[in-house]
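Working notes for the structure below.
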Amino acid sequence: MGRPTGFLEYPREETKERSPLKRLSDWKEYSEQQPEDMLKRQSARCMDCGTPFCHIGIEINGAAAGCPINNLIPEWNDLVYRGKWKEALDRLLKTNNFPEFTGRVCPAPCEGSCTVELAGPAVTIKNIERAIIDKGFENGWIQPRIPTKRSGKKIAIVGSGPAGLAAADQLNQAGHSVTVYERDNLAGGLLTYGIPNMKLDKDIVKRRITLLRQEGIDFILNTEIGKDVMADELNEQFDAVILCTGAQKQRNLELEGREAEGVHFAMKYLTQSTKRLLGIEVKEPIIDAEGKNVIVIGGGDTGADCVATALRQKCKSVVQFGKHPKLPNARSKENMWPEQPNIFTMDYAYEEATAQFGHDPREYSVQTKKIVSDSEGHLKELHTIQMKRTSDENGNIVFKEIEGTEQVWPADLVFIAIGFEGTEHPVLKQFGVETKNNKVKAKHGDYKTNLNGVFAAGDSRRGQSLIVWAIQEGRECAREVDKYLMGASVLP
Ligand SMILES: Cc1cc2nc3c(=O)[nH]c(=O)nc-3n(C[C@H](O)[C@H](O)[C@H](O)COP(=O)(O)OP(=O)(O)OC[C@H]3O[C@@H](n4cnc5c(N)ncnc54)[C@H](O)[C@@H]3O)c2cc1C
Ligand code: SF4
C-alpha cells in the first residue's frame, strides 16, 4: 500500500472536465487529462484491501459489482503512488485489452464496490486507469506485439465492437490468424458509431484498430455476413467463427402518430452525427437539431448522448422523458454496497443542458400518449401524462397514470431511446444458430452455440450491456476457441 493513511488524509478529487459552456462549442472529449500530483494523491487513498471488492467482478441483482475483468486495481494504485507508471501499465494490460476505452467511458462498477465507499467517496479508480494507459501511449510504451509463431488455424469474427476486438486481440496473440468482418465502413462497433466523440474521441478508437492491424489482424470492412459473404463460406474457410454482432435492434414505440416526419431512432441520429463529424458521406436525409425543439423519449444513457449531441447542434430547447421517478441522492436499503449505486447523478449531458438553458432537461415519470403532426405530416407536438410507480397485489412494479396531469409539448424532432430488443436475426438464421429472448443461446463461460465451431460473445449473447462486459466475454470466448482448436489454452 502506497500510503496507509492516504484515505484519511486526502479527499476524493473528481475528474477534471472542461467547462460545460466551452465544450458545447466543439466535439472534443469533455474530460481532461488529470494532473499527475492529483493522481498520486488519489492513488494514495487506496487501502490495498485484503479482499479488494473493487476487483471481484460478480453480478448482484443484474448489475456488476466490482470490475468484470478483474483489473488488478490495488496493485496499480500502489505503483502509481510510487511513480512506477510503466510497471502499472504492465499490470493493467494483464487483464484489460483496451483501458483507453474503459478509462474514459466505463460506469466504473469498481468504484461502487470500493471499500472506501463504506465510509466516504470511493477511490477514483477510473481516472487512474485512464492516466496509466494514456501515459503508455504518450511515452511510446505501447508498440505492436507481432506474434512470432503462427498456429495455422484461421478464425473469423463477425462484428468489430469491443467483444470482437478483444477476442481478436487474444487469439492473434495466441498465434492464430484472425479475420474480423464488419458491415460498417469503420471498425469499432458502438465505440465508433454509438458513443459520441465528446465521450470517446474516434482517434482513440482508430489508434487501437491501427495497432491491431499492425499486429496481424485482418479487418474486412463494408462486408455484411449473411448478405455480402454467406455463412457457409465462413464455415468452409475458417476453423472457427465467433459471432460478436452486438444487440443493436432498437425497441420501437408503438404509438399513435409514430410515423410523423421528425421522429427518429436515437441510434440513427447518433451514427449520422459521428459520420458528419468524421466527414463521411451520409446517404439518408440529414437529421440536424439546429434551432429545433428536441424531445428525447427514454431516460437512459443513449438518450443522454442525444441530448449532448442536440446541444452541440444548437437546438432551441431539449427535454428528456424518463418513465421512472427521480433516483434518490443516496443508496436505498435495497441497493447497498458493494452493489453499483443506483443514485441520482449529473451526467455530462445534463451539466451541459443546465449550463445552456438554466435547468436540467430530465422530466421524470412521464408517459408519452401520442405524437401529433400538422396537415403535412410534420411533427408538431407530444402529448404526455404523469405516471405513478407502484406495485400490484403480487409485488410486481406497475405504472399508473395520474389523472389531470396531461401535458402538451411542442416538438420539431423526437428521438426514441427506449432501449434495445436484442441482436439482429438474419445472419444468425443463416448460420442456424439458436436464439433465446433475441439473444444468441450460448452459456456465459463457454460461449458455444448449438453449432460445432461457432461461438458468440458480447451483447449478441448477453443483450445490450457495457464495454467492460464485452471485453470480458471476448477474452473468455477467445480462450474457449483456443481450447477448441488446440485442445488446451494458455490464454487467461
Ligand atoms: C449510444 C450508446 C452509448 C453507450 N455508451 C456506453 C458507455 O458510455 N459505456 C459503456 O460501457 N457502454 C456503453 N454503451 C454500451 C456498449 O457500447 C456496448 O455494450 C458494447 O459496444 C457491446 O460490444 P459488442 O462488441 O458486443 O457489440 P457492438 O459494439 O454493438 O458491435 C457489434 C458490431 O457488429 C457489427 N455487425 C452486426 N451484424 C453484422 C454482420 N452480419 N456482418 C458484419 N458485421 C456485423 C455491427 O455493425 C457492429 O459494428 C453504449 C451503447 C450505446 C448504444
Ligand atoms: S476496494 Fe478500494 S480501497 Fe480496497 S483495494 Fe480496491 S480501490 Fe483500494
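The values are calculated or read from the model by the stated rules, or taken from the named source; none is laboratory data. This is a predicted model, so every value here is computed, not measured. Please note: Cβ atoms are built from the backbone with ideal geometry, for glycine as well, and neighbour counts cover all protein chains shown. Accessible surface is based on the protein model in full, side chains and every heavy atom, while ligands, DNA and RNA are left aside. Shrake-Rupley method; radii C 1.70, N 1.55, O 1.52, S 1.80 Å.
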Select, from GLY103, GLY66, GLY83, GLY50, the only residue that is within 16 Å of ligand 1 (Cβ to nearest atom) and either on the phi > 0 side of the Ramachandran plot or over 21 Å from the mean Cα position of the chain (by Cα) (or both).
-> GLY66
Hey, can you tell me all the residues within the range 36-64 that are under 19 Å from TYR10 (Cα atoms), in contact with a Pro (Cβ under 7 Å, 6 or more places away or on another chain) and surrounded by 20 or more Cβ atoms within 10 Å (Cβ to Cβ)?
-> CYS46
With the checklist (1) loosely packed, with under 13 Cβ neighbours inside 10 Å; (2) in contact with a helix residue (DSSP H, G or I) (Cβ under 6 Å, 6 or more places away or on another chain) in hand, flag the one item LEU491 doesn't pass.
-> (1)
In the range 383-441, how many residues are assigned to a strand (DSSP E or B), open to solvent by less than 60 Å² (accessible area, probe 1.4 Å) and under 30 Å from GLU236 (Cα atoms)?
-> 3
Is there a residue in the range 114-124 that is surrounded by fewer than 22 Cβ atoms within 10 Å (Cβ to Cβ), within 15 Å of ligand 1 (Cβ to nearest atom) and of a type outside the set (Phe, Trp, Tyr)?
-> no
With THR210, THR179, THR192, THR223 as the choices, which residue is away from ligand 2 (no atom under 16 Å from the Cβ) and free of Cβ contacts under 8 Å to residues at least 12 places away in the same chain?
-> THR210
Boolean, GLY6 is within 13 Å of ligand 2 (Cβ to nearest atom), open to solvent by less than 30 Å² (accessible area, probe 1.4 Å) and farther than 27 Å from TRP469 by Cβ = yes
Name the residues in the range 364-382 that are in a strand (DSSP E or B) and over 13 Å from THR405 (Cα atoms), would you?
-> LYS370, ILE371, VAL372, SER373, HIS378, LEU379, LYS380, GLU381, LEU382
Is it the case that the range 457-477 has a residue that's surrounded by fewer than 13 Cβ atoms within 10 Å (Cβ to Cβ) and without any contact (Cβ under 8 Å) to a residue 40 or more places away in the chain?
-> no
Quick one: count up the residues across the range 442-458 that are part of a loop (DSSP other than H, G, I, E, B) and of a type in the set (A, V, I, L, M, F, W, C).
-> 3
Kindly indicate whether any position in the range 347-363 is surrounded by 16 or more Cβ atoms within 10 Å (Cβ to Cβ) and in a strand (DSSP E or B).
-> yes
Exactly one of ILE133, ILE157, ILE73 is in contact with a Cys (Cβ under 8 Å, 6 or more places away or on another chain) and more than 15 Å from ligand 2 (Cβ to nearest atom), and that one is ILE157
Exclusive hit being over 16 Å from the mean Cα position of the chain (by Cα) and either assigned by TED's automatic domain parsing to the domain that holds ASN96 or modelled with pLDDT under 95 (or both), set GLU434, GLU424, GLU476 | GLU424
Looking only at the range 40-50, and only at residues there that are more than 26 Å from GLN472 (Cα to Cα) and of a type in the set (D, E, K, R), the one that is nearest to ligand 2 (Cβ to nearest atom) = ARG45
Subset of the range 22-35 [within 16 Å of ligand 1 (Cβ to nearest atom) and open to solvent by less than 50 Å² (accessible area, probe 1.4 Å)] = GLU29, TYR30, SER31
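Matching residues to (1) near ligand 2 (Cβ under 10 Å from one of its atoms); (2) of a type in the set (A, V, I, L, M, F, W, C):
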site: LEU24; (1), (2): no, yes
site: SER31; (1), (2): no, no
site: GLN34; (1), (2): no, no
site: MET38; (1), (2): no, yes
site: PRO52; (1), (2): yes, no
site: ASN61; (1), (2): no, no
Determine the pairs where a residue that is under 21 Å from ARG130 (Cβ atoms) and in contact (Cβ under 8 Å) with a residue 40 or more places away in the chain, located within the range 1-20, has a partner that is open to solvent by 70 Å² or more (accessible area, probe 1.4 Å) and more than 16 Å from ligand 1 (Cβ to nearest atom) with Cβ atoms under 6 Å apart, the partner being 6 or more residues away or on another chain.
-> ARG12/PRO121
So which helices (runs of 4 or more DSSP H) are wholly in the range 2-116 and hold at least 2 residues that are under 30 Å from GLY445 (Cα atoms) and not assigned by TED's automatic domain parsing to the domain that holds SER273?
-> 73-81, 85-93, 99-105, 109-112
Of all residues in the range 91-129, count the ones that are charged (D, E, K, R), away from ligand 2 (no atom under 15 Å from the Cβ) and either under 21 Å from PRO35 (Cα atoms) or in contact with a helix residue (DSSP H, G or I) (Cβ under 7 Å, 6 or more places away or on another chain) (or both).
-> 2
